[in-house]
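*Asks:* Dropping a structure here in structure tokens format, bear with me for questions.
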């Protein structure tokens, strides 16, 4: 879309209303003058054991239908997380200075019911957890979106103190049409609002945009300017890290990113393991590289753990990162896939005739993550980059259920490296590289 063509750093790749949203994939396409990728297939897909494959798929569909998670997602979608996260004190609010929002009800799943037109499912899934919403009247009449999902509602809502859900639908539509990541956009706007509040940037600097907290009209205009790099939008299209570097004035203390990628709305001062996951993700601030919040905040996957406790979190994060890497590589759903990897192993064996075990799949996940880590090492990343924003590490939560908490990353990172077989700089050891049989990938210049 237009954002990718103009190399907005957080431009997305859009397909049927869904987004490959993070890390600027749309900008990469734009840099290559690539408008779209079209795929057409004419042949069927044959499984080596079709009867077993069909049985497994039917069993999984039955399990999903009977799952309480599916029941919640079918009715509410991911926006159900707004109420839950706010209750727990893990909802990024006011550029993540707080993690509860006193107007959360206005941007909740229930608030979206009046705009819902229909629901959608991914291919073959009985859940139907994505909802199509349309604003029928008012200043944002005609705005439509496949969503907004939890992250969009939170980052463009509570994170900016914006309780106008119709404006969020409008901005979501702009992002869909122009190709932009709503997580990064919400962080950029929240960051600029804090800069505006602190007097670091003025209305004149912003060319007339009055970026006060909750000003949804200014947010809509900012989204348009960013997508087309118009005026001040040219700077805001660079993302939080680069904007902070340009502005200076200690703005790095409230620039909410890891490795340059803006943080999601699951606020980690109430989720120690999620904080470790953010810090160690190979692509930076991403909640889906391990989805530890599903275990810590929601109690899913059979876990019952203290979200404020650092003990056991390095092991949990490692195991969930390895599992999710396999799930993503197989293009399966994180919501419903068995995280022990037994179901994926059974499916692979039925389709291919292999005899792969869950343990071998975990090893494959570990191998992929180590290759990604070595790629980052070659690019100059090290332990110094496995960190979190100053606010997460040094500013205790001022109020709510997580009051007084910060992320104790220093208590987890060394143990995580040890479990990974990485040295103190976060570099995979030669022993680990040979164990995973990836030593042939290493060029002499990497050492």
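*Asks:* Classify the stretch 351-447: rounded, prolate or oblate, from the alpha-carbon gyration tensor (a ≥ b ≥ c, eigenvalue square roots; a/c under 1.5 rounded; otherwise prolate if a/b is larger than b/c)?
*Replies:* oblate
*Asks:* Specify whether the C-alpha gyration tensor of the stretch 178-316 places it in the rounded, prolate or oblate class, a ≥ b ≥ c being the square roots of the eigenvalues: rounded for a/c under 1.5, otherwise prolate if a/b is larger than b/c and oblate if not.
*Replies:* Prolate is the answer for the stretch 178-316, as a/c is 1.5 or above and a/b outweighs b/c.
*Asks:* Given the options 419, 48, 316, which has the most mean-square fluctuation in a GNM of the chain, springs set between C-alpha atoms less than 10 angstrom apart?
*Replies:* Between 419, 48, 316, it is 48 that shows the largest mean-square fluctuation.
*Asks:* Past the 18 angstrom mark, what percentage of all C-alpha to C-alpha distances in the stretch 14-123 do you count?
*Replies:* Result: 72 percent of Cα pairs exceed 18 Å.
*Asks:* Sort 143, 255 so that the residue with the fewest other Cβ atoms within 10 Å of its own Cβ comes first and the one with the most comes last.
*Replies:* Fewest to most other Cβ atoms nearby, the residues stand as 143, 255.
*Asks:* I would also like to ask the following. Based on the alpha-carbon gyration tensor of the stretch 77-262, what equivalent-ellipsoid semi-axes (square roots of 5 times the eigenvalues) come out, in whole Å, largest first?
*Replies:* So the equivalent ellipsoid measures 27, 18, 15 Å along its semi-axes.
*Asks:* Further, regarding this structure: Residue separation times 0.36 nm, minus the C-alpha to C-alpha distance between residue 424 and residue 379: what's the value?
*Replies:* Full-extension gain reported as 14.4 nm.
*Asks:* Roughly speaking, what is the stretch gain from residue 435 to residue 67, that is 0.36 nm per residue apart minus the C-alpha to C-alpha distance, in nm to one decimal?
*Replies:* Extending this stretch completely gives an extra 128.7 nm.
*Asks:* Using Cβ contacts closer than 10 Å as the measure, can you line up 16, 386, 205, 306 from fewest to most?
*Replies:* Ordered from fewest to most neighbouring Cβ atoms within 10 Å, 16, 386, 205, 306 come out as 16, 306, 205, 386.
*Asks:* Taking a ≥ b ≥ c as the square roots of the eigenvalues of the Cα gyration tensor of the stretch 268-446, is the shape rounded (a/c under 1.5), prolate (a/b larger than b/c) or oblate?
*Replies:* oblate
*Asks:* What is the extension gain from residue 105 to residue 212, computed as 0.36 nm multiplied by their sequence separation minus the C-alpha to C-alpha distance, in nm to one decimal?
*Replies:* 36.4 nm
*Asks:* What fraction, in whole percent, of alpha-carbon pairs in the chain exceed 33 Å separation?
*Replies:* Within the chain, distances greater than 33 Å cover 36 percent of Cα pairs.
*Asks:* May I ask you to derive the FRET efficiency for residue 134 and residue 333 from their Cβ-Cβ distance with R0 = 35 Å, giving the value to the nearest 0.05?
*Replies:* 0.85
*Asks:* In whole angstrom, how far apart do the alpha carbon centroids of the stretch 66-126 and the stretch 383-414 sit?
*Replies:* 25 Å
*Asks:* Would you please give the FRET efficiency between residue 245 and residue 57, computed as 1/(1 + (r/R0)^6) with r the Cβ-Cβ distance and R0 = 51 Å, to the nearest 0.05?
*Replies:* 0.55
*Asks:* Ordered by packing density, taken as the mean number of other Cβ atoms within 10 Å over each peptide's residues, highest first, how do 23-30, 188-195, 406-413 rank?
*Replies:* Per-residue Cβ counts within 10 Å, averaged per peptide and sorted highest first, yield 188-195, 23-30, 406-413.
*Asks:* Something else about it: Neighbouring Cβ atoms within 10 Å as the yardstick, rank 216, 439 fewest first.
*Replies:* Fewest to most other Cβ atoms nearby, the residues stand as 439, 216.
Bear in mind that the values in this text are calculations on the coordinates, not laboratory data. Because the structure is predicted, anything quoted here is derived from the model rather than measured. No Cβ is skipped: glycine too gets one built from the backbone with ideal geometry, and neighbour counts run over all protein chains shown.
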